[in-house]
Amino acid sequence: MNIQTVMITGAGQMGSGIAQVFAMAEYDVILHDIAQEAVERGMKGIQRNLEKQVDKGKLSSEELHNIVDRFTLTTNLQEAERADLIIEAAVENMEVKKSIFARLDVIAKEDAILATNTSSLPITEIAAVTKSTERLIGMHFMNPVPVMKLVEIIRGLATSQETYDAVHEVVKTLNKVPVEVNDFPGFVSNRILMPMINEAIFTLYEGIATKEAIDEVMKLGMNHPMGPLTLADFIGLDTCLYIMETLHEGFGDDKYRPCPLLRKYVKAGWLGKKTGRGFYTYS
Ligand code: CAA
């Protein structure tokens, strides 16, 4: 299947990162969000990222312009009708995702692939609102998308081999590594990462060590690029809580119980880097 035009719906941190890597790999990109302001903010972030690459001599100004020229910005989901691959990167909310895919099912070309960047929600359940269950698949990118090599590819119960093979090939053209996983809560990445982050929060909550000490132990002792509390701030504490709740609900095991301190921070609106305060403060 020939994939040339890709729509990304959701122009936040993940969506704009995904859009950037597709445009850099010479795909035509339609960047969509419901608010014009969100699309423009996403595009500004992409431009800033690309300008940094130019400053570092990793990209020429001409290449930057070519990449930017590959973008169409829109608030009209109907534009999905000309996309060969549509990747949803909206908020982690099942109802929102179902309503987007129910609409895409009607708008998209008959052979277009519908993908979701969900970090933990069941692909099979999202697919159930569409008639295109065999063309629906999970493509889970990691943050920051332009840097991280992994894309988890998640098959829903009905995802066809043809869809899987096409997405596998597309990921390779982005210079990223596709890894196949099955459709279970948190897939592989967040089933392992989030309980570690949650345990780091419990360690802080129980007064075992300061936040700095916890992060330092994991950075220097395990060679993690960021400590777990810094990483939680970077991912967003609301997202961390949501994923822990998905794991807890999905497996029903107490080991996935979200730490009360995580709940408290989210209730306070301390969501991490994006709100200027989480475990750390950001200016
Ligand atoms: N966007 C684009 N590029 C970025 C970036 C961003 N947000 N942040 C950093 N970079 C680039 C820098 O420009 C730099 O590029 P060059 O090599 O071309 O100069 C490179 O990444 C390294 O950056 P820095 O030197 O500034 O900093 P660093 O070496 O500490 O790396 C990091 C930063 C890549 C974020 C690193 O700290 C890291 O790997 N952290 C862990 C990230 C991680 O675990 N991500 C997964 C989160 S979980 C997830 O995404 C799944 C989910 O569902 C929740």
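The values are calculated or read from the model by the stated rules, or taken from the named source; none is laboratory data. Note that the structure is predicted; figures quoted are calculated from it, not measured. Glycine also receives a Cβ, built like all others from the backbone with ideal geometry; neighbour counts cover every protein chain displayed. Surface accessibility is based on the protein's heavy atoms, side chains included, excluding ligands, DNA and RNA. Shrake-Rupley method; radii C 1.70, N 1.55, O 1.52, S 1.80 Å.
A few comments on the model shown:
- Residues that are surrounded by fewer than 17 Cβ atoms within 10 Å (Cβ to Cβ) and at pLDDT below 95 were ranked within region 72-94; the one that is nearest to residue 39 (Cα to Cα) is 91.
- Residue that is farthest from residue 12 (Cα to Cα), among those in region 200-253 that are among the charged types (D, E, K, R) and out of contact with any Pro (no Cβ under 8 Å at 6 or more places or on another chain): 206
- Count - residues of region 91-107 that are assigned to a helix (DSSP H, G or I), hydrophobic (A, V, I, L, M, F, W, C) and within 18 Å of the chain's Cα centre (by Cα): 4
- Helices (runs of 4 or more DSSP H) completely within region 10-77 that count 2 or more residues being free of Cβ contacts under 8 Å to residues at least 24 places away in the same chain: 36-55, 61-69
- Any chance residue 155 is crowded, with 17+ Cβ neighbours inside 10 Å, more than 16 Å from the ligand (Cβ to nearest atom) and basic (Lys, Arg): yes
- Any chance residue 201 is under 21 Å from residue 261 (Cβ atoms), of a type in the set (A, V, I, L, M, F, W, C) and within 11 Å of the ligand (Cβ to nearest atom): no
- Being in contact with a Leu (Cβ under 9 Å, 6 or more places away or on another chain) and open to solvent by 40 Å² or more (accessible area, probe 1.4 Å) holds for only one residue in 249, 212, 245, and it is 212.
- Taken over region 70-117, the criterion of being among the β-branched types (Val, Ile, Thr) and over 12 Å from residue 136 (Cα atoms) is satisfied by 72, 74, 75, 91, 96, 100, 106, 107.
- Candidates in region 175-198 are the residues that are among the polar types (S, T, N, Q) and out of contact with any strand residue (DSSP E or B) (no Cβ under 6 Å at 6 or more places or on another chain); of these, the one that is nearest to the ligand (Cβ to nearest atom) is 190.
Matching residues to (1) under 21 Å from residue 273 (Cβ atoms); (2) buried (at least 24 other Cβ atoms within 10 Å of the Cβ); (3) more than 14 Å from the ligand (Cβ to nearest atom):
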position	(1), (2), (3)
5	no, no, yes
12	yes, no, no
16	yes, yes, no
19	yes, yes, no
34	no, no, yes
38	yes, no, yes
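- Residue list for region 219-232, filter: more than 11 Å from the ligand (Cβ to nearest atom) and surrounded by 11 or more Cβ atoms within 10 Å (Cβ to Cβ): 229
- Test result for residue 92, more than 30 Å from residue 230 (Cβ to Cβ) and either more than 16 Å from the ligand (Cβ to nearest atom) or touching a Leu at 6+ places or on another chain (Cβ under 9 Å) (or both): no
- Test result for residue 145, within 16 Å of the ligand (Cβ to nearest atom), open to solvent by 50 Å² or more (accessible area, probe 1.4 Å) and touching a residue at least 40 places away in the same chain (Cβ under 8 Å): no
- Candidates in region 95-120 are the residues that are open to solvent by 10 Å² or more (accessible area, probe 1.4 Å), in contact with a helix residue (DSSP H, G or I) (Cβ under 7 Å, 6 or more places away or on another chain) and not polar (S, T, N, Q); of these, the one that is farthest from the ligand (Cβ to nearest atom) is 109.
- Which numbered condition residue 192 fails, given (1) under 30 Å from residue 260 (Cβ atoms); (2) open to solvent by less than 80 Å² (accessible area, probe 1.4 Å): (2)
- Looking only at residues of region 228-283 that are within 17 Å of the chain's Cα centre (by Cα) and of a type in the set (Phe, Trp, Tyr), we find that the one that is nearest to residue 123 (Cα to Cα) is 242.
- Residue 172 more than 16 Å from the ligand (Cβ to nearest atom), open to solvent by 10 Å² or more (accessible area, probe 1.4 Å), without any contact (Cβ under 8 Å) to a residue 40 or more places away in the chain and touching an Asp or Glu at 6+ places or on another chain (Cβ under 9 Å): no
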